[in-house]
Amino acid sequence: MLVFRKTTSFFGTIDGSVLRPDLLSKLSIPEIEATLITTELGPVTLRQVFDISVAPSILDSSILMEGDCEAIDKLGQHMESGVLCVLGSVGNHAGQEMQGGKIIIAGNVRDHLGSGMQDGFIYVSGNCENALASPRPGRKTGMRGGDIFIAGNVGTRACERMRRGTVFITGDAGAFAASQMIAGSLVVMGNLGGQWGGGMRRGSIILGMDPARIQPSQPTASLSAPRDFELSFLPLVWRHIARLQSDALEVLGFVMANSAGWGLTASRHVPNPVKIASTRWVQRQIGDLNFNGRGEVLVLRRISSPGVVGWHRP
């Protein structure tokens, strides 16, 4: 496992698109240190930004990054395989156009996480800002495949023009979620901001409407009258999401246990697993009726009697 410890030197915003395990694991340490990256202050070598070392690992083709990486944009861009684990917050466009592998982030993420993502898995233990899984500027579609798990809250315009994949948000999502959604699945277990689902063509918005937490918000989408359904496929969705979370926490547990720098610089631990729904009962609505009405909104209900959310721990 390659270990990158960010130095205190200031270079402004850094283009981290080269920081991919599938690229750097093929190089020697001197070659990695001599690799050029673009920064706000001009091109520099990786050795000027990071202390780079190698640590024993059970993870093939892996990178561990320690320290505050919030000024580093495009981490894991076009990544095809391997594991990129960050113990700290990261900048914009992480996982952009990602095609495979895993990005595990123990911290917060800024805008455009997973924009144009095609495959792979991204886990964030904290919050994500705006435009999660939404299109890059100038592009017509957002996320096109893969899975994203956010253990915190997200900002506005999550899953705008999303085409494929699954996004699971434990906390709240801001306004304009799933705007012009083409397909895919967005699961929001917390509060959902207003004006959501407008122009939705296909896909599923799954809402965990816990009466103790959720405040009602109005969709932009025109929806049909709600009807109660029992959907047998939902337990498969919950098992898939729980397995993704378990895999991410296993990686975090390993790297934190083997990271002296993490232990010395922060008193943090592996996040506790969040609760995953278990119900197959939903209240279903069809929409956006102004755009063919092929999408669906599923509000989770309790297994035995629709009305209250049911939960279990993975």
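With respect to (1) buried (at least 18 other Cβ atoms within 10 Å of the Cβ); (2) without any contact (Cβ under 8 Å) to a residue 24 or more places away in the chain; (3) aliphatic (A, V, I, L, M), the lone exception for Leu27 is condition (1).
Could you grab me the full set of residues in segment 221-259 that are within 30 Å of Ile105 (Cα to Cα) and hydroxyl-bearing (Ser, Thr, Tyr)?
Going through segment 221-259, the residues within 30 Å of Ile105 (Cα to Cα) turn out to be 233-259.
Passing the criteria: Ser246, Ser259.
Every condition in (1) in a strand (DSSP E or B); (2) modelled with pLDDT of 95 or more; (3) surrounded by fewer than 21 Cβ atoms within 10 Å (Cβ to Cβ) holds for Leu84 except the one numbered (3). For segment 5-15, indicate whether the set of residues that are among the hydrophobic types (A, V, I, L, M, F, W, C), closer than 23 Å to Val109 by Cβ and surrounded by fewer than 17 Cβ atoms within 10 Å (Cβ to Cβ) is non-empty. Looking through segment 5-15, at least one residue is among the hydrophobic types (A, V, I, L, M, F, W, C), closer than 23 Å to Val109 by Cβ and surrounded by fewer than 17 Cβ atoms within 10 Å (Cβ to Cβ).
The residue that is nearest to the chain's Cα centre (by Cα), counting only those in segment 30-47 that are surrounded by fewer than 13 Cβ atoms within 10 Å (Cβ to Cβ) and either hydrophobic (A, V, I, L, M, F, W, C) or not in a strand (DSSP E or B) (or both), is Glu40. Within segment 151-173, residues that are within 23 Å of Lys275 (Cα to Cα) and without any contact (Cβ under 8 Å) to a residue 60 or more places away in the chain reach partners that are assigned to a loop (DSSP other than H, G, I, E, B) and of a type in the set (Asp, Glu) with beta carbons closer than 7 Å, at six or more positions or on different chains, in the pairs Asn153/Asp172; Gly155/Glu129.
Is it the case that some residue within segment 48-70 is within 26 Å of Arg164 (Cα to Cα) and outside any helix (DSSP H, G or I)? Quick ask: steps written out before the conclusion?
Our first condition is that a residue be within 26 Å of Arg164 (Cα to Cα); within segment 48-70, this holds for none.
No, every residue in segment 48-70 fails to be within 26 Å of Arg164 (Cα to Cα) and outside any helix (DSSP H, G or I).
Of the strands (runs of 3 or more DSSP E) lying entirely inside segment 117-210, not one contains at least 1 residues that are within 21 Å of Ala94 (Cβ to Cβ), modelled with pLDDT under 95 and of a type in the set (Gly, Ala, Ser).
The values are calculated or read from the model by the stated rules, or taken from the named source; none is laboratory data. Everything numeric here is computed off the predicted structure, so don't read it as measured data. Cβ sites come from the backbone with ideal geometry, for glycine too, and all protein chains shown count toward neighbours.
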